[in-house]
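Q: Pasting a structure below so you can have a look.
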Amino acid sequence: MPAERTTIDMVAGTKSSGELVFEQVLVDRLDDGGYRVVATPGLVLGIAANDVVRVTPEARYEIVERGGNLAVGYMAATTSSTK
């Protein structure tokens, strides 16, 4: 039976107010209750596409198996000049 593709909310960080920030992560639901990450998240750190994870009740995750991909984030600083 093919895996069910869905999204899950995962904790991506915390606002200065203490409120949690979530990212919807695209996953395939596995028969054992875990999830295979389909696309590397932009904000959730420490996981990449093809990793298998289990999500805790607090929307945090545990790595079950690494998928062999490495996620590298790149942010460019921009400047604007008003002349």
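The values are calculated or read from the model by the stated rules, or taken from the named source; none is laboratory data. Everything numeric in this text was worked out from a predicted model, so none of it was measured. A quick note on method: Cβ atoms are made from the backbone with ideal geometry, for glycine too, and the neighbour counts reach across all protein chains shown.
Q: Looking only at the stretch 6-19, how many residues end up being exposed (fewer than 14 other Cβ atoms within 10 Å of the Cβ) and part of a strand (DSSP E or B)?
A: Total meeting the criteria: 5.
Q: Between Val55, Val38, Val25, which is at pLDDT below 95 and either of a type in the set (A, V, I, L, M, F, W, C) or crowded, with 17+ Cβ neighbours inside 10 Å (or both)?
A: Just one listed residue meets the conditions, Val55.
Q: Can you give me the number of residues within the stretch 58-76 that are of a type outside the set (A, V, I, L, M, F, W, C) and either at pLDDT below 85 or not in a loop (DSSP other than H, G, I, E, B) (or both)?
A: Residues flagged as of a type outside the set (A, V, I, L, M, F, W, C) and either at pLDDT below 85 or not in a loop (DSSP other than H, G, I, E, B) (or both) within the stretch 58-76 amount to 6.
Q: So, in the stretch 58-75, how many residues would count as being more than 18 Å from Thr6 (Cα to Cα) and surrounded by 12 or more Cβ atoms within 10 Å (Cβ to Cβ)?
A: The total comes to 6.
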